[in-house]
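**Q** Got a structure here, written out as structure tokens. Questions coming.
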Amino acid sequence: MKVAASMLCADFARLQEEATALEAASADWLHFDVMDGHFVPNLTHGPLPLAALRPHTELFFDAHLMVEHPESYLEEFADAGAQCVTIHLEATRAPHRCLKAIRALGVHPGVALCPATPAAALQHLLDEIDLILVMTVDPGFAGQSFLSAVLPKIGELREMIARSKRDIWLEVDGGINARTAEASLQAGAEVLVSGSWLFGHEGGYAAAIRELRDSEAASLLGRLPDTDDPRPN
Ligand code: DX5
Ligand code: ZN
């Protein structure tokens with residue numbers, strides 16, 4: 001499993017120090033939440049923070065575009081050093097073309113689904129993508145509560161990925177803490193985005209990330225058959 005720290009919750013006056021601290025705390029990815037004030041009712045940033053941080057960290061840059069017309073910005077994010085660019089299925093009428101354009105830029109293409117969008121909506125895109133991002137909150141803001149009603153969809157997507165026989169990361173984003181991480185991993189997720197909980201952890205980033213990794217072990221235990229099962233062998 002991988003931990004992706006949502007930079008939306010970082011201190012923007014100290015972005016380089018934040019990236020260094022997250023790398024030291026063994027985060028795997030930096031997750032950048034790009035919002036345009038149209039697709040979602042919030043504005044954040046474009047490619048500039050990625051470009052500014054790129055020379056200062058080895059961490060994988062995961063760009064989550066919550067913008068309309070994502071096709072207009074792909075090259076800028078690739079040039080800024082994004083290694084995966086994820087577009088929302090709900091934000092474009094031409095997802096195939098957009099995903100192919102991302103691949104042509106030498107970047108991993110990803111597709112994000114809002115909580116209301118069913119898993120089947122991306123069935124026709126499985127050959128084009130390297131990542132599926134499952135939103136477990138309505139996109140737009142950090143600090144919202146995890147929607148556990150989305151858990152069955154994570155399981156469906158895990159099965160779709162297995163059937164596709166392709167290597168596709170399954171990422172979960174929104175309201176992730178140690179408890180919701182365990183449920184998401186158990187459902188089949190493998191990349192955990194965490195913002196408010198990770199950045200606000202009283203033990204610091206390393207402790208938060210350790211708890212997320214411990215939740216993987218707990219999720220595996222949850223998958224073992226019940227040893228008190230009264231049924232005969
Ligand atoms: C929400 C973003 C998330 C979010 C993560 O639209 O995509 O990445 O900010 O923050 P928390 O973990 O606070 O939900
Ligand atoms: Zn995100």
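The values are calculated or read from the model by the stated rules, or taken from the named source; none is laboratory data. None of these values were measured; they are calculated from a predicted model. Glycine gets a Cβ as well: all are built from the backbone with ideal geometry, and neighbour counts include every protein chain shown. Protein only, heavy atoms only, side chains kept; ligands, DNA and RNA dropped before computing areas. Shrake-Rupley method; radii C 1.70, N 1.55, O 1.52, S 1.80 Å.
**Q** Among the residues of region 109-137, what is the count of those that are within 19 Å of H69 (Cα to Cα) and touching a residue at least 60 places away in the same chain (Cβ under 8 Å)?
**A** Qualifying residue count, region 109-137: 3.
**Q** Follow-up. Tell me which of these S184 doesn't satisfy, since it passes every other one: (1) within 16 Å of ligand 2 (Cβ to nearest atom); (2) open to solvent by 10 Å² or more (accessible area, probe 1.4 Å); (3) without any contact (Cβ under 8 Å) to a residue 60 or more places away in the chain.
**A** (2)
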